[in-house]
Amino acid sequence: MPSAGEDLDAVCNVDVEVRLAADGSRWSATVFTLAEVERLMKRWSPTGEELGGRCFWCSDGLVVRDPGIDSMTQVLVGLLDAGDFTQVLQRLDDE
């Protein structure tokens, strides 16, 4: 979720939870822009994190080209329409 007061057109790193109306299932991902991945890798270079910034990974990561909630939502809808949604996002178990 974006932070309070955050410019929604500039969001470049956000955790998302999607609930599908058809079956009520819940799915999660962390969405990053390419620029955000680059920024993080450069930041990690001198700290030694993630092999000195030589790699980037997260278990539920989705990299998109353009920032902004609208752009990211369009990607998620596109993945759903293409049938790739369940391959990309992680299903959350309801308890």
Of the convex hull enclosing the alpha-carbon atoms of the chain, the direction-averaged projected area in nm² is 7.5
Tilt of helix 34-44 relative to the longest C-alpha principal axis of the chain, in degrees (0 to 90, nearest 10)?
40
About the Cα centre, and with charges only on the beta carbon of Lys, Arg (+1) and Asp, Glu (-1), how big is the dipole of region 1-90? Nearest 20 debye, please.
300
Ranking request for peptides 52-62, 23-33: highest mean number of other beta-carbon atoms within 10 Å first, then the rest in descending order.
23-33, 52-62
Got a sec? Charge dipole of the chain, +1 on Cβ for Lys and Arg, -1 for Asp and Glu; which of VAL75, LEU20, LEU62 is way out at the positive end?
LEU62
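Values quoted throughout were computed directly from the atomic coordinates according to the rules given, and no laboratory measurement underlies them. Everything numeric here is computed off the predicted structure, so don't read it as measured data. Here the Cβ is made from the backbone with ideal geometry for all residues, glycine too, and neighbour counts use every protein chain on show.
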